[in-house]
1. Say we join alpha carbon atoms closer than 10 Å with springs in a Gaussian network model of the chain; which of LEU294, LEU193, LEU282 then has the biggest fluctuation?
2. Compute the signed sum of charges (Lys and Arg +1, Asp and Glu -1) over the other residues within less than 15 Å, Cβ to Cβ, of THR254.
3. Using the Cα gyration tensor of segment 17-123, with a ≥ b ≥ c the square roots of its eigenvalues, what is the shape: rounded (a/c below 1.5), prolate (a/b larger than b/c) or oblate (neither)?
4. What would the Debye formula give as log10 I(q)/I(0) at q = 0.09, 0.11, 0.16 Å⁻¹ for the alpha-carbon point model of the chain, no solvent?
5. What does the charge count around VAL194 come to, taking other residues whose C-beta lies under 12 Å from its C-beta (Lys +1, Arg +1, Asp -1, Glu -1)?
6. Express the carbon and sulfur contribution to the solvent-accessible surface of segment 42-311 as a percent, rounded to the nearest whole number, probe 1.4 angstrom.
7. Assigning unit charges at the beta carbon (Lys, Arg +1; Asp, Glu -1) and nothing else, what dipole magnitude in debye, to the nearest 20, does segment 42-311 show about its Cα centre?
8. Could you give the DSSP H helices of the chain that reach 30 angstrom or more along their long axis (alpha carbon positions) and whose average Kyte-Doolittle hydropathy is no lower than 0.5?
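The values are calculated or read from the model by the stated rules, or taken from the named source; none is laboratory data. Small disclaimer: the values here were computed from a predicted structure and weren't measured. Note that we place each Cβ from the backbone using ideal geometry, even for glycine, and neighbour counts take in every protein chain shown. The area values use the complete protein model at the heavy-atom level, side chains included, leaving out ligands, DNA and RNA. Shrake-Rupley method; radii C 1.70, N 1.55, O 1.52, S 1.80 Å.
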Amino acid sequence: MRWQSTLERIGAVTSKYFVIWVLIIAPVALYSPGTFTPIADYITPLLGIIMLGMGLTLTPDDFRRIVERPRDVFVGAMSQWLLMPAFAYLLVAVLGLPTEIGLGLLLVGAAPGGTASNVMTYLGRGDVALSVTITTVTTIAAPLVMPAWVVALAGESLSVGFADLAESIVQVVLLPVVGGLVLRYLLDRYAPLVAQVGLSIFPAVSVVAIVAIVAAVVGLNVGTILGAGVLVFLAVILHNGLGLGAGYAVGHATGMPEGRARACAFEVGLQNSGLAATLATLHFSPSAALIPALFSVWHNVSGPALATLFTQLDDEDSVAEEPTAVASD
């Protein structure tokens, strides 16, 4: 159908140029913050829409993979749960970040994997099935793991407790994901055409929602961003880079094939910064949402860059092997 093809093209173009939309909207929000700050009241439902979209992408096969490859899933999930919070805590201490801004980095470190990791794994020719499975596991465990880390690392500086954070994560992450999973099952069974169209267009809806969240957080933090200095940007870049590098190294050190090591790199390094920004806005301050917003921008630059590097290395290896193949003939 023509309308279906049109929707699919819209979804593909919107998703393909996700980084461009984020890079455009961030400076616009800095220039005209008042245009975007009203969106702050809708950050929570926007994140719920994003997580509903993630649920729609899940099938029973994704959960069967947990049983089929428990070791690699365990390694990837544990790497994310342990390394990213530890890196965040060390960077806050070493860089001497202010309390509220440092809290934002801890929230990013404790967050589960984001859907961007699945896309980047695909673009970087990694093991997409493993990536989706690790994202699913860390997301489902987020109501327990994330508040536990934040409470443990932030300690007395917190004005909210474990239960408050866990409740928010259940509401904005777990319930929408489960809802999306159930909806996908029903649509596949009773309305497969609707399911196909929904899966084509929903990535674009998620992109719009993420861009709106970034714009709102940037608009709320204009003064903080302009006066943040180099350290805040350095913290974001280092945190993301350490996660990508450590995830890849752990994958190889534990004997994963190249494709799975790449998936591990993206799963560890690319966090659900939208969730971190939402929790910061709900429970703390706009300053605490600054680093999650910057992380949203930066990891959508570093992720595609690493994916491109992986594909270039593959292409170079293929070219290098061609003379050998010809000689053997």
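1. It is LEU193.
2. Values: positive: ARG69, ARG71, ARG260, ARG262; negative: ASP72, ASP127, GLU258, GLU267.
Every neighbour counted, the sum reads 0.
3. It is oblate, given that a/c is not under 1.5 and a/b is not larger than b/c.
4. So the normalised log intensities work out to -0.45, -0.68, -1.41.
5. Cβ neighbours under 12 Å give a net charge of +1.
6. Exposed carbon and sulfur together represent 72 percent of the surface.
7. On the way: 9 positive and 12 negative charges, 91 e Å.
Dipole about the Cα centre, nearest 20: 440 debye.
8. Those that clear 30 Å and a mean of 0.5 are 70-95, 128-154, 192-220, 230-253.
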